[in-house]
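A.B. asks: First the structure, which I've put down as structure tokens, then a few questions once you've had a look.
The values are calculated or read from the model by the stated rules, or taken from the named source; none is laboratory data. A quick note: this is a predicted structure, and the numbers were derived from the prediction, not measured. Here Cβ is always computed from backbone atoms with ideal geometry, including for glycine, and neighbour counts include all displayed protein chains. For the accessible areas, the whole protein counts, side chains as well, though only heavy atoms, and no ligand, DNA or RNA atoms are used. Shrake-Rupley method; radii C 1.70, N 1.55, O 1.52, S 1.80 Å.
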Amino acid sequence: MGEPKPIQLHGRPVGGGAFPLICTPLVGRTRDAVLAEVDAVLPKNPDVLEWRGDFFEALGDTAHVIDTARAIRGRVGPIPIMFTRRSSKEGGEKIALAESQVVQLYVEACASRLVDLIDYETANAADDFRRLRAASREHGIALIGSYHNFQATPDAAALLARFALAHQLEADIAKVAVMPKGPPDVLTLLGATYDASQSLPIPLISMSMGPYGSLSRMAGFVYGSALTWAVGKSSSAPGQVPIEDLPGVLATIRKTVLGA
């Protein structure tokens, strides 16, 4: 089995090293909508919350973003917060900010220390990635180097290269998410995840999206993926499983595969 490497934050494994961690997205377009999502999701006990900033209408107002992050932190306490601006090139919402403004916003988010992780695509300019690597490291924020393909599933060698690129760029965590055309593509993603888990020293997150890909969200940890997404209130990508359904499924897989 490709046992996942635990995601570490502030020197400690998230969730006590349990796997997979369950992350729920926050996709509200306003501060009130995001906080309403937080209130709806918290009773469902997610391990991590991902705030998808590209959905947020006021993303260009840094002070408002930081103030909203502070309000989220005030409600969620110690639950880790992942801050993400998903690029529209990789399936995110279109935003009016230039990439330089996005990078500066990430830098400010790191400096606030109100978030615990940031996600930035490895396809972005190397200088921008290096700047965020320096800022996140300075403030003790974990950096996820991510790759998303909403059209297809590249072959296993290409997926391995994407995992490896995140490590080469000194990301703390490598993430790969792809779209299957059919069941064999899900196997390609899982196999590449397993191989990457054997060859790379950093934690991995992977998923196949869409209806077929939902299998990877439930069993991906067997192949080395440390975290899976589940719908708390609203979905951020196709194939996410409702958080109410996921713990029972994961417990069954752990019992049958691991005897635990």
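A.B. asks: I'm trying to understand the selection: among the residues of the range 49-90, which are among the basic types (K, R) and outside any loop (DSSP other than H, G, I, E, B)?
C.D. replies: Once the filter is applied, which keeps residues that are among the basic types (K, R) and outside any loop (DSSP other than H, G, I, E, B), the range 49-90 yields R52, R70, R73, R75, K89.
A.B. asks: For a quick check of your reading of the model, give me the residue pairs whose first member lies in the range 168-197 and is surrounded by fewer than 18 Cβ atoms within 10 Å (Cβ to Cβ), whose second is among the basic types (K, R), with beta-carbon atoms closer than 9 Å and at least 6 apart or on different chains.
C.D. replies: So the pair list comes out as E170/R130; E170/R133; E170/R137.
A.B. asks: Condition check: modelled with pLDDT of 95 or more, over 21 Å from G16 (Cβ atoms) and within 19 Å of the chain's Cα centre (by Cα). Does L189 satisfy that?
C.D. replies: So L189 passes the test.
A.B. asks: Ok, one more. Just to check your reading of the model, which residue among A196, A134 is hydrophobic (A, V, I, L, M, F, W, C) and touching a Leu at 6+ places or on another chain (Cβ under 9 Å)?
C.D. replies: Going through A196, A134 in turn, the sole match is A196.
A.B. asks: With respect to A161, determine if the residue is out of contact with any Cys (no Cβ under 6 Å at 6 or more places or on another chain), assigned to a helix (DSSP H, G or I) and open to solvent by less than 40 Å² (accessible area, probe 1.4 Å).
C.D. replies: no
A.B. asks: Give the range 136-158 a look and list any residue that's open to solvent by 30 Å² or more (accessible area, probe 1.4 Å), within 24 Å of V14 (Cβ to Cβ) and part of a helix (DSSP H, G or I), or say none.
C.D. replies: Listed by number, the residues that qualify are R137, E138.
A.B. asks: Follow-up. How many of the residues in the range 1-37 are under 24 Å from G140 (Cα atoms), without any contact (Cβ under 8 Å) to a residue 40 or more places away in the chain and of a type outside the set (K, R)? Explain how you work it out, then say what you get.
C.D. replies: Here is the first cut: in the range 1-37, the residues under 24 Å from G140 (Cα atoms) are 4-26.
Still in the running and without any contact (Cβ under 8 Å) to a residue 40 or more places away in the chain: 11-13, 15-18.
Add one more test, that the residue is of a type outside the set (K, R), and what stays is 11, 13, 15-18.
Residues in the range 1-37 being under 24 Å from G140 (Cα atoms), without any contact (Cβ under 8 Å) to a residue 40 or more places away in the chain and of a type outside the set (K, R): 6 in total.
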